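Right, one structure below, let's go through it.
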Amino acid sequence: MRRIWQSTTGVVAVIGILLALATLAIGATVHELAHEALEEQLDHRIGAETRSLLAEAIRGGTPAVAELIARREAAAAASGLAYLLVDASGQPLAGSLDAAMPAQPGYVEHLRHDRGQREAQALTSRLPDGSRLLVAADRAAIDDTDRAIRQVTAYAFGSLLLLGIAAAWAVGAITRARLHGIDRTALAIIGGDLSQRMPVDGSGSEFDRVSITLNRMLDRIASLLDNLREVSGNVAHDLRTPLTRLTNRLEVARTASEPGLHIDAALAQSRELLDTFAALLRISEVESQAVRRHFALLSLSRLVSEVVEAYRPDFAASGHRLLMAVAPEISVNGDRHLLQQLVANLLDNALRHTPAGTTVRVALEVRGGEAALAIIDDGPGVLPDVLPRLFQRFSTGDSSRSSGGHGLGLALVAAIAVAHHGAVTAQSSAGLSVSVSMPIRSDGDQDR
Amino acid sequence: MQVLLVEDDSETRDFIARGLREAGHQVTVCSTGQAGLIEATGRDFDAIVLDRMLPGIDGLALLRMLRAGGRHAPVLMLTALGSIADRVEGLESGADDYLVKPFAFSELAARLQALTRRPAVRVETHRLVVGDLVVDELRRSVERAGQRIVLQPREFSLLAELMRNPGRIMTRTMLLERVWDFDFDPKTNIVETHLSRLRAKLNDGFEDDPIETVRGAGYRMRIAD
């Protein structure tokens, strides 16, 4: 089921409703406080008036009060107060207030007057001679204020509610529209058009930022795909030549007087092709990084020494000098066979691509917290334009390919280094220098 | 020798079966895991050549069931290219050796032979004797006709490996795996150069070479006929 309250529309709508309810609560509070304050004010006024009339009664007796009331009523209706003075028997003495005299002295909140049509707040007091005085103030002011507050609150509540609903609809519509653009592009990409990019309007909004990030991701994927396409192109190209040679050999063998020789050559050629495939598959496998599952702590120092020692007779036989400087006890987390192959490929490379008399130095040390392996020769080096492509598939230093090798050895070295969270770089000034770095590990390290 | 061959690809199956029959073995062929399992549990074979990828029950599952069922015939597992993880899994599941396709038939034959015939009886547990050669694995010493020969560590390991399998062909890749622990094939001549040094030291002052080169296959320790 779709959870509407988790959609943008829902979230904004909920916020709108909460805001409206908060307004309602504020209105109710203001109403209550204002109401109380006004009532208190009225009480205060009638209290003060009553006190001054009582003082008059003490000074001049009840008749003086009656006179004062008459004067007050004649003078100013504006004061908003109304009076009623009755004697002990209940006969009215003064005042025009049209209301029943309450039996008990004290404050009355709601006193009906004006033929019972209006309400007043009133204070009843007893005068020394037993007559009673009623001072009242009409509640119309309070009621008006209350009504005004209620009205404002109702308007505010209503408009906020409407505003919330409108905002929810608008935000939802805008979000949907923006996301629809992204969605449509994504669908087009799923459909196969990787040239599509997410719409960016330059507003710097969060949608734009997401679109820009997505576009960067798409650029990266596109460049990886291009790379892949180039690689498969190279593979096809590089395999066509030996396959053609193989076919030719077999064609010749069909009619040759001694087919055995040609078949042997064809066999050798097909083995070479299979080697190339094996190397390609190995690179893919290492690049897939599934190999990391089998990583274990191992001594890189010992591993490098062993591989170098294995190659020493070969170097001696071909007239190369092999020097080794391996710092002891450098450990890494890795795959023994892959790291052996990394070192072996680098040595193969040095041996194969340099002339007799070349000195090859192998150095392993800790540099900047990383294991740094360097294989440096003083041979002819490689051309500067070859250097950046040295670790790509099928890029051999010498374009003639005369010195053999399928141009995959260094690509595998790079893949193995990356699988070990490391990197490989090459420099060519006098001779070629290849450096591999990878994080070192000690026994205490926790598995990642 | 009774060999069971379980392989689904008909060309590979015929290629291996023909080679094994030419070498004088009796070969039972199966093209599916189910058929292979029935055959393998039905009777004892001297060796089983098992493809890793099979329709239905795959090679690994078959091997596990077989081992769980108490069958201990040596198994040579065949796998497709580029499967470092497969190799580990295969050996963990109880395979005795592992061969990556494509392979030369001589490689398969050599490995199968190494699997099936247990090493020759030793005079003492740490002494290997073939002809006039004596290798003491404990003291890491070598004597030929009573004459002490000093070898480099790798040369010693190489000789010991050949001595442990007298009369049997050891291929280049088998030696790389067992002596150097390399599971890849370096493009250089590591095996050849070490062997020629080893031979030079062993044969210094002798007429005959105890190590025979089998063309296109590998090397073999000569044993007296």
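What is the spread of the Cα atoms of the protein assembly as shown along each of their three principal axes, largest first, in whole Å?
Principal axes ranked by extent give 163, 66, 58 Å for the Cα atoms.
Which residue, chosen from A:384, A:355, A:105, occupies the Cα position most advanced towards the positive end of the dipole of the protein assembly as shown, where the dipole is computed from +1 (Lys, Arg) and -1 (Asp, Glu) charges on Cβ about the Cα centre?
Checked the options; the winner is A:355.
With +1 on each Lys and Arg Cβ and -1 on each Asp and Glu Cβ, how big is the dipole of chain B about its Cα centre, in debye rounded to the nearest 20? Could you put the intermediate results ahead of the total?
Working: 31 positive and 35 negative charges, 104 e Å.
For chain B, the charge dipole is close to 500 debye.
By average Cβ neighbour count within 10 Å, what is the ranking of B:197-207, A:55-65 from highest down?
Details: B:197-207: 13.9, A:55-65: 15.7.
Per-residue mean Cβ counts within 10 Å order the peptides as A:55-65, B:197-207.
Considering every Cα-Cα pair within region A:4-147, what fraction, in whole percent, is farther apart than 22 Å?
49 percent
Within 10 Å of each Cβ in peptide A:262-275, how many partner chain Cβ atoms are there on average? Round it to a whole number, please. Present the calculation step by step, with values, prior to reporting the outcome.
Numbers: counts 0, 0, 1, 0, 0, 1, 0, 0, 1, 2, 0, 1, 4, 3.
If you average over the peptide's residues, the count of other-chain Cβ atoms is 1.
According to the square roots a ≥ b ≥ c of the eigenvalues of the Cα gyration tensor, what is the shape class of region B:115-200, taking rounded for a/c under 1.5, prolate for a/b larger than b/c otherwise, and oblate for the remainder? Each step should come with its number before you reach the end.
Numbers: a/c = 2.06, a/b = 1.33, b/c = 1.55.
Oblate shape, in that a/c is at least 1.5 and b/c is the bigger or equal ratio.
Under the definition of partner shielding as Cβ atoms of other protein chains within 10 Å of a residue Cβ, what is the mean value for peptide A:306-313? Before the final figure, lay out the partial values.
Values: counts 5, 4, 0, 4, 12, 5, 5, 12.
Mean shielding count: 6.
Picking from A:161, A:127, A:303, which is most flexible by a Gaussian network model of chain A using Cα springs under 10 Å?
The residue that fluctuates most here is A:127.
Would you mind checking the tilt of helix A:409-419 against the longest principal axis of the Cα atoms of chain A, expressed as 0 to 90 degrees and rounded to 10?
Roughly 30 degrees between the two axes.
Once you have all Cα-Cα distances for region A:236-304, histogram them in 5 Å bins from zero and send the whole-percent values.
All Cα pairs, binned at 5 Å, distribute as 4, 14, 15, 14, 12, 10, 8, 8, 7, 5, 3, 1 percent.
To the nearest 10 degrees, how steep is helix A:300-317 against the longest Cα principal axis of chain A, on a 0 to 90 scale?
That works out to roughly 20 degrees.
Which of rounded, prolate or oblate describes region A:19-91 when judged by the alpha-carbon gyration tensor and an a/c cut-off of 1.5?
The shape class here is prolate.
For region A:1-50 and region B:28-99, what is the separation of their Cα centres, given in Å?
Answer, in whole Å: 80.
If a/c stays under 1.5 just call it rounded; otherwise compare a/b with b/c (prolate if a/b is bigger, oblate if not). Do that for region B:2-116, with a ≥ b ≥ c from the square roots of the Cα gyration tensor eigenvalues. Write down the numbers at each step before the final one.
Details: a/c = 1.31, a/b = 1.08, b/c = 1.22.
Verdict is rounded for region B:2-116.
Report, in debye and to the nearest 20, how large the dipole of region B:2-116 comes out about its Cα centre when Lys and Arg carry +1 and Asp and Glu carry -1 on their Cβ.
On the way: 11 positive and 17 negative charges, 40 e Å.
The calculation lands at about 200 debye.
Picking from A:144, A:208, A:335, which is most flexible by a Gaussian network model of chain A using Cα springs under 10 Å?
Of the options given, A:144 has the highest mean-square fluctuation.
Counting each DSSP H run of 4 or more residues in chain A as -39500 (n - 2.57), what helix-only mean residue ellipticity at 222 nm follows after dividing by all residues, to the nearest 500 deg cm²/dmol?
Details: 7 runs with 245 residues, N = 448.
Roughly -20000 deg cm²/dmol at 222 nm, from the helical runs in chain A.
Just how large is the dipole of the protein assembly as shown about the Cα centre, in debye to the nearest 20, putting +1 at every Lys and Arg Cβ and -1 at every Asp and Glu Cβ?
On the way: 74 positive and 85 negative charges, 197 e Å.
Result for the protein assembly as shown is approximately 940 debye, rounded to the nearest 20.
Report the FRET efficiency, 1/(1 + (r/R0)^6), for residue A:227 and residue A:268, where r is their Cβ-Cβ distance and R0 is 25 Å, rounded to 0.05. Kindly include the intermediate steps, with their values, before the conclusion.
Working: r = 32 Å, r/R0 = 1.28.
The value I calculate is 0.20.
So what's region A:232-352 giving for Rg/Rh, alpha carbon basis, Kirkwood Rh from the mean inverse pair distance? Working shown, then result.
Working: Rg = 19.8 Å, Rh = 17.7 Å.
Checking Rg against Rh, the ratio lands at 1.12.
Counting DSSP beta bridges in the protein assembly as shown, what percent are antiparallel, to the nearest 5?
Details: 65 of 88 bridges.
Within the protein assembly as shown, antiparallel bridges account for around 75 percent of the total.
When only C-alpha pairs under 8 Å and at least 6 residues apart count, what is the relative contact order of chain B, in percent? Let's see the in-between values first.
On the way: 349 pairs, mean separation 29.6, N = 225.
It rounds to 13 percent for chain B.
With a 10 Å cut-off between alpha carbons and a GNM built on chain B, which of B:21, B:87, B:52 moves the most?
Sorting by GNM fluctuation, first place goes to B:21.
Would you mind pulling out the separation of the Cα centroids of region A:246-323 and region A:163-217, in Å?
Their Cα centres are 51 Å away from one another.
For region A:302-354, what is one quarter of the convex hull surface built on the Cα atoms, given in nm²? All intermediate terms of the calculation are to be shown ahead of the outcome.
Working: hull surface 14.8 nm².
Taking the Cα atoms of region A:302-354, their convex hull projects to 3.7 nm² on average.
I need to check one value: relative contact order of region A:206-284, counting alpha carbon pairs closer than 8 Å and at least 6 residues apart, in percent.
Values: 23 pairs, mean separation 17.8, N = 79.
Normalised by residue count, the contact order of region A:206-284 is 23 percent.
If you find the alpha carbon centre of region B:167-196 and of region A:76-151, how far apart are they in angstrom?
Region B:167-196 and region A:76-151 have Cα centres separated by 121 Å.
At what distance in nm do the modelled label points of residue A:378 and residue B:140 sit from each other, each positioned 7 Å from its Cα along Cα→Cβ?
Calculated label separation equals 3.3 nm.
Tell me the angle of helix B:33-42 to the major Cα principal axis of chain B, expressed in degrees between 0 and 90 and rounded to the nearest ten.
Roughly 70 degrees between the two axes.
For region A:282-388, what are the per-bin percents of Cα-Cα distances with bins 5 Å wide, up to the bin holding the maximum?
Bins of 5 Å from zero give 2, 11, 20, 20, 18, 16, 9, 2, 0 percent of pairs.
Read-outs: derived from the displayed coordinates by stated rules, not from any lab. Nothing here was measured: the structure is a model prediction, and the numbers come from that model. Methodologically, a virtual Cβ is constructed for each residue, glycine included, from the backbone with ideal geometry; neighbour enumeration extends over all protein chains shown.
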